[in-house]
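This report concerns only the one structure given below.
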Amino acid sequence: QAFIPLFTAYFPAGAAMICPLFGLRFDNFAILCPFACGTHPLIDPIVILFTITSYRKRFLEMIRGSLSDKPNAKIAS
């Protein structure tokens, strides 16, 4: 989970700021940099959703349409 922000947010933005300091041209990369930074809010929750077991099970239940009428918490009586 730590690699996704590294490659979708920090690396593109950092490279866009550092490359001109060293005189490196990044014309093609400059076109892709906003898209790479914009994918972070999309990809990160998907990874979290599929790596945490309870979230994954509930999500798959919602997709399959098999949500039960069970409450999420037990009520003590």
| Considering only residues of segment 21-48 that are among the small types (Gly, Ala, Ser) and surrounded by 10 or more Cβ atoms within 10 Å (Cβ to Cβ), which is farthest from PHE59 (Cα to Cα)? | ALA30
| said: Take ILE18 and tell me if it is among the aliphatic types (A, V, I, L, M), in a helix (DSSP H, G or I) and either farther than 30 Å from LEU60 by Cβ or open to solvent by 50 Å² or more (accessible area, probe 1.4 Å) (or both). | reply: yes
| Name the pairs whose Cβ atoms lie under 8 Å apart, with the first residue in segment 1-23 and touching a residue at least 40 places away in the same chain (Cβ under 8 Å), the second part of a helix (DSSP H, G or I) and of a type in the set (Asp, Glu), and 6 or more positions between them or separate chains? | GLN1/ASP44; ILE4/ASP44
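The values are calculated or read from the model by the stated rules, or taken from the named source; none is laboratory data. Just so it is clear, the structure is predicted and the values come from calculations on it, not from any experiment. With ideal geometry, Cβ positions are generated from the backbone for all residues, glycine too; neighbour counts draw on all protein chains shown. Heavy atoms of the whole protein, side chains included, go into the accessibility calculation; ligands, DNA and RNA do not. Shrake-Rupley method; radii C 1.70, N 1.55, O 1.52, S 1.80 Å.
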